[in-house]
Amino acid sequence: EATVDIDVKSKSSQPHWYERYVQPCVAELLGSALFIFIGCLSVVEDAEGAGRLQPALAHGLALGLTVAVLGDI
């Protein structure tokens, strides 16, 4: 019988300073920028008959994309 010894490194309970402070700030900046940029682009060329639906859908899709990409941070 062969036994396998696996060295398990214990991870510190405190996350690295980058993960704790910098990464959430960068994620917030990118998410807000994407949300505002997509929202502004959705009303630049206002198509006839789109009304309030076009900006609402654009904001909803931008928010969904932001949550899907940056939600785990």
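The values are calculated or read from the model by the stated rules, or taken from the named source; none is laboratory data. Just so it is clear, the model here is predicted, and its values are computed rather than measured. Positions of Cβ are backbone-derived with ideal geometry, glycine not excepted, and every protein chain shown enters the neighbour counts. Areas reflect the complete protein model, heavy atoms only, side chains present, ligands, DNA and RNA absent. Shrake-Rupley method; radii C 1.70, N 1.55, O 1.52, S 1.80 Å.
Expressed as a whole percent, the accessible surface of region 17-71 that belongs to carbon and sulfur atoms is 70, based on a 1.4 Å probe. Residues of region 49-73 with an amide N closer than 17 Å to a point placed 7 Å from the Cα of H16 along the Cα-to-Cβ direction: 73. Length gained on full extension, L53 to I6, computed as 0.36 nm times the residue gap minus the Cα-Cα distance: 11.2 nm.
Ordering S32, S42, S13 from largest to smallest accessible area (1.4 angstrom probe), what's the sequence? Walk me through the intermediate numbers first.
Numbers: S32 45, S42 10, S13 110 Å².
Largest accessible area first, the residues go S13, S32, S42.
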